[in-house]
Amino acid sequence: MTQQKSSIDRRNFLRLTGLTGAGLIMGMGVKADGTSIIENITAAGNAFELSPLVMIDQTGVVTIFNTKPEIGQGTYQSVPALIAEELEVPMDKLVIKQTGGEKKYGPAQFVGGSSSVRTQYISLRKVGAAAKEMLLTAASKQWDVPVAECYAENATVIHRPSGKKIGYGELAEAASKLEAPKNPTLKNPKDFKILGKSAPRMDIPMKVNGSAKFGIDAAVPGMVYASIERCKVFGSKLVSFDATAAKKVKGVIAVETCERIHGIYKSEGVAVIAENYWAALQGRKALVVKWDHQGNDQFNSKDYEQSMRDAAKKEGAVEHQQGNFDQAFSGSPVKLEAFYETPVVSHSPVEPMNCLASWTEGNKLEIWTSTQVPGSVMNEFSKTYGVKQEDLKLHVLFNGGGFGRRLYPDYIHEAVQLSKKVGKPVKSIWTREDDTQQGPFRPMTFSAMKGALDASGKAIAFQHKVISGTLDMKKDYDVTKADGTMTEGISEQKYEIEHMKNLYVHHYLHVPLAAWRAVTSTTLAFAHECFIDEMAVAAKKDPMAFRLGMLTKDSDTKTILNKLKEVSNWDKPLPAGWGRGVAQYEFFAGQAGFVIEVSKKGTGVKIEKVIAVIDLGTVVNPDNTRAQVEGSAVMALTAAIKGGITFDKGATVQSNFHNNPLVRINEMPKVEVHILANGGDKIKGVGEPGLPPFAPALCNAIFAATGKRIRRLPFDINKIA
């Protein structure tokens, strides 16, 4: 996953702040009507634009433009907070507007990889600090006093000796004529009023009272609805269709084909367009479509899984090696081998895919949708459809869940094509069945593990071979090379093992694949941390002690494990029939660990206690951090004990939540979250790190309680033989 540069150099700062010759823009200000509206920047009207990310009108209303779509992870609060902290404006006095991929807001208009705050932490604070310094300077000039005698507080500049005050709005014009400071001074974290403090998320009341606008809520006059029939067998080709019966459904106005574009994978569907969504659905059911399955109707999960196991016999491309694994392994007195399997899973966001697109004469295009990548949508759609950037307008609304699914704009392509064909605004909505059955999915990932111990039980050799399809959708993908995305994190673990070799075997899958929350680490951590546990058992050592014994140097891994040991009372004996498991995982998005306790319950186990430690360095909103770790645990437990996605006769077997269920409230244990935040500029991701280590900690606890080693997900927690 592409990451954005977090630093802000002078050129970028000037471009971002937009103050070189921008002068004063006066006019109607943004009305202080609270933060309950997300709309495109162009609707803001004219005001003093202190920077493209901060706007202050004459009445003193401060508007911050949020470049990071809100998908449930809290960026609607956490990203503007970075600017507001330095600008000295309380969050409840802000107006927050969502950007729509416009160039002037920069290239970082996307959310993914837990990157929003950790990559913008310094740069956005500098924007706020620069604006504050300009306002302070403007006030000092107006009062003819030294700027050092002025300070900012509550959107006001105050002259300390005299107590005189002046609001930001009254200073906006004068401040706009000043040169932007090249190196604005950032606040000492000890003086933070917003960052590091638990604060309510401003999007939550809107989502509770129903006023929040999601993509599926978008509506414009004259719009029509589309429901699209796609072949259930992946890799099929449209041969013909008969729309006679569909067109007889009252309200149906047209039947058109459209292309689903997912990277290099393209497939054709048949869309029924109607005056209302019900008619579109009924028309779709009346379609008669002929597909050429091109031999893909024989594909099934059972055979593919076996082919994955066969592929594991290949040597694979070397992802990382140190020492001489083969020699150390062959000469070791204690050798271990194990094979771990994880399934295909769906994203299943609460809000299914949808998009409202309006193509008008003169090649002008307007889009309303929930997406994680507004910046790339603007670039990609401008090029694909020959629309000038200035003629393309994107409205980014709240996302009803993303988890990686809305990184991919296939559903947006469909709506745009249909609007162009019928000459009307078209709102395309996927059904839950479409969402469950069409993907794209998290790939199935298998891991072949090897490890060796010396006579004293010390780990001396370790090998992790990954077998999977790829998320790299390039025509020139090189199957002979290691794929960094699919081996994510396995060579970054801090365990000090002298001889190591990690490998990758590409195994093609024609089903559309996609990044899932925590990407490939969600599968690899299961294999890695469970196998470390197997090595500890073979060494006849306590799993926690075995891990810490491989961490002689200081590291975040060592810190997390020591914290887990402390807060879980790891050395305290458990009741009979109980077991305790530990796991951690470090990858690009951050790092977390779990200790989980389970007890035997009939033929299965009950999860008694879940303790998480997440390492952030610096935390922006502790309450939201806890919520993200808790949410990660829900998804991790779902992926561990629920059914996953399977295929038969070329198509997805599951269709909806009844056979592709999520963990229910009564199945979800309480999650105790501890945050490591020692301050400083080090900052790690929040949204994903809590997911990878959950399943291995659970499975290690189950082994401790029952002696049953689980090497395949999902499993039935109520049936553990």
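Quick notes on this structure:
- Residue match in the stretch 456-473 (condition: part of a loop (DSSP other than H, G, I, E, B), open to solvent by less than 10 Å² (accessible area, probe 1.4 Å) and at pLDDT 95 or above): yes
- Of all residues making up the stretch 358-377, the number that are in contact with a His (Cβ under 9 Å, 6 or more places away or on another chain) and hydrophobic (A, V, I, L, M, F, W, C): 2
- Selection status of Gly210, open to solvent by 40 Å² or more (accessible area, probe 1.4 Å) and at positive phi: yes
- The residues of the stretch 86-100 that are open to solvent by 10 Å² or more (accessible area, probe 1.4 Å) and either farther than 25 Å from Leu397 by Cβ or part of a loop (DSSP other than H, G, I, E, B) (or both), listed by number, are Glu88, Pro90.
- Matching entry among Lys393, Lys427 (being open to solvent by 30 Å² or more (accessible area, probe 1.4 Å) and under 30 Å from Val208 (Cβ atoms)): Lys393
- Residue count for the stretch 180-193, restricted to those that are open to solvent by 30 Å² or more (accessible area, probe 1.4 Å) and under 18 Å from Leu124 (Cα atoms): 8
- For first residues located in the stretch 457-472 and within 23 Å of Gln327 (Cα to Cα), partners that are of a type in the set (D, E, K, R) and lie 6+ apart or on another chain with Cβ distances below 7 Å form the pairs Gly457/Lys540; Gly457/Lys541; Ile460/Asp454; Ile460/Glu498; Gln463/Lys450; Gln463/Lys501.
- Pairs with Cβ under 6 Å, 6+ apart, first in the stretch 103-115 and touching a residue at least 24 places away in the same chain (Cβ under 8 Å), second charged (D, E, K, R) and open to solvent by less than 10 Å² (accessible area, probe 1.4 Å): Val111/Lys68
Okay, residues lined up against (1) under 18 Å from Arg405 (Cα atoms); (2) modelled with pLDDT of 95 or more:
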position	(1), (2)
Glu337	no, yes
Pro349	yes, yes
Cys355	yes, yes
Gly362	no, no
Glu366	no, yes
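- Taking the criterion of being more than 19 Å from the chain's Cα centre (by Cα) and either more than 18 Å from Met473 (Cβ to Cβ) or assigned to a loop (DSSP other than H, G, I, E, B) (or both), the residues of the stretch 386-416 that qualify are Gly386, Val387, Lys388, Gln389, Glu390, Asp391, Leu392, Lys393, Leu394, His395, Ala415, Val416.
- Residues being among the basic types (Lys, Arg) and in contact (Cβ under 8 Å) with a residue 60 or more places away in the chain - total across the stretch 503-562: 4
- Some residue of the stretch 291-307 being part of a strand (DSSP E or B) and out of contact with any Lys or Arg (no Cβ under 8 Å at 6 or more places or on another chain): no
- Single unsatisfied condition, Val653 versus (1) open to solvent by less than 50 Å² (accessible area, probe 1.4 Å); (2) touching a strand residue (DSSP E or B) at 6+ places or on another chain (Cβ under 7 Å); (3) over 20 Å from Ala518 (Cβ atoms): (1)
- Total residues in the stretch 192-245, condition assigned to a loop (DSSP other than H, G, I, E, B) and either in contact with a strand residue (DSSP E or B) (Cβ under 6 Å, 6 or more places away or on another chain) or under 30 Å from Phe299 (Cα atoms) (or both): 11
- Lone unmet requirement of (1) outside any strand (DSSP E or B); (2) open to solvent by 10 Å² or more (accessible area, probe 1.4 Å); (3) under 21 Å from Glu305 (Cα atoms) for Thr436: (2)
- Here Val505 meets the list (1) among the aliphatic types (A, V, I, L, M); (2) within 22 Å of the chain's Cα centre (by Cα); (3) modelled with pLDDT of 95 or more almost entirely, failing just condition (2).
- So Glu319, is it under 23 Å from Val519 (Cβ atoms) and open to solvent by 30 Å² or more (accessible area, probe 1.4 Å): yes
- Candidate set from the stretch 413-424 (those that are in contact with a Phe, Trp or Tyr (Cβ under 7 Å, 6 or more places away or on another chain) and open to solvent by less than 30 Å² (accessible area, probe 1.4 Å)); member that is farthest from Ser468 (Cα to Cα): Ser419
- Of everything in the stretch 249-279 that is under 17 Å from Glu229 (Cβ atoms) and of a type in the set (Phe, Trp, Tyr), the residue that is surrounded by the fewest Cβ atoms within 10 Å (Cβ to Cβ) is Trp278.
- Every residue from the stretch 396-412 that is open to solvent by 10 Å² or more (accessible area, probe 1.4 Å) and closer than 17 Å to Lys266 by Cα: Leu407, Tyr408, Pro409
- Whether a residue is of a type outside the set (A, V, I, L, M, F, W, C) and not in a loop (DSSP other than H, G, I, E, B) was assessed, and Glu488 does not pass this test.
- Those residues of the stretch 654-680 which are touching a residue at least 24 places away in the same chain (Cβ under 8 Å) and of a type in the set (Val, Ile, Thr), in sequence order: Val663, Val671, Val673, Ile675
- Restricting the stretch 141-157 to residues that are without any contact (Cβ under 8 Å) to a residue 60 or more places away in the chain and assigned to a loop (DSSP other than H, G, I, E, B), the residue that is surrounded by the most Cβ atoms within 10 Å (Cβ to Cβ): Val145
- Flag not set for Gly113, criterion: buried (at least 20 other Cβ atoms within 10 Å of the Cβ), in a loop (DSSP other than H, G, I, E, B) and in contact with a Lys or Arg (Cβ under 8 Å, 6 or more places away or on another chain).
- Note on the stretch 663-721: residues that are part of a helix (DSSP H, G or I) and of a type in the set (D, E, K, R) amount to 1.
- Answer from Glu337, Glu341, Glu361 - the residue that is open to solvent by 10 Å² or more (accessible area, probe 1.4 Å), among the acidic types (Asp, Glu) and either over 29 Å from Thr522 (Cα atoms) or without any contact (Cβ under 8 Å) to a residue 12 or more places away in the chain (or both): Glu361
- Scan the stretch 529-542 for residues that are closer than 12 Å to Gln584 by Cα and either in contact with a strand residue (DSSP E or B) (Cβ under 6 Å, 6 or more places away or on another chain) or small (Gly, Ala, Ser) (or both) and the total you get is 1.
- Inter-residue pairs, beta-carbon under 6 Å, first free of Cβ contacts under 8 Å to residues at least 60 places away in the same chain and in the stretch 202-218, second among the basic types (Lys, Arg), 6+ apart: none
The values are calculated or read from the model by the stated rules, or taken from the named source; none is laboratory data. Every value quoted in this text rests on a predicted model; they were computed, and no experiment measured them. Every residue, glycine among them, receives a Cβ derived from its backbone with ideal geometry; neighbour counts consider all protein chains shown. Just so you know, the surface numbers come from the protein's heavy atoms only, side chains and all, with ligands and any DNA or RNA stripped out. Shrake-Rupley method; radii C 1.70, N 1.55, O 1.52, S 1.80 Å.
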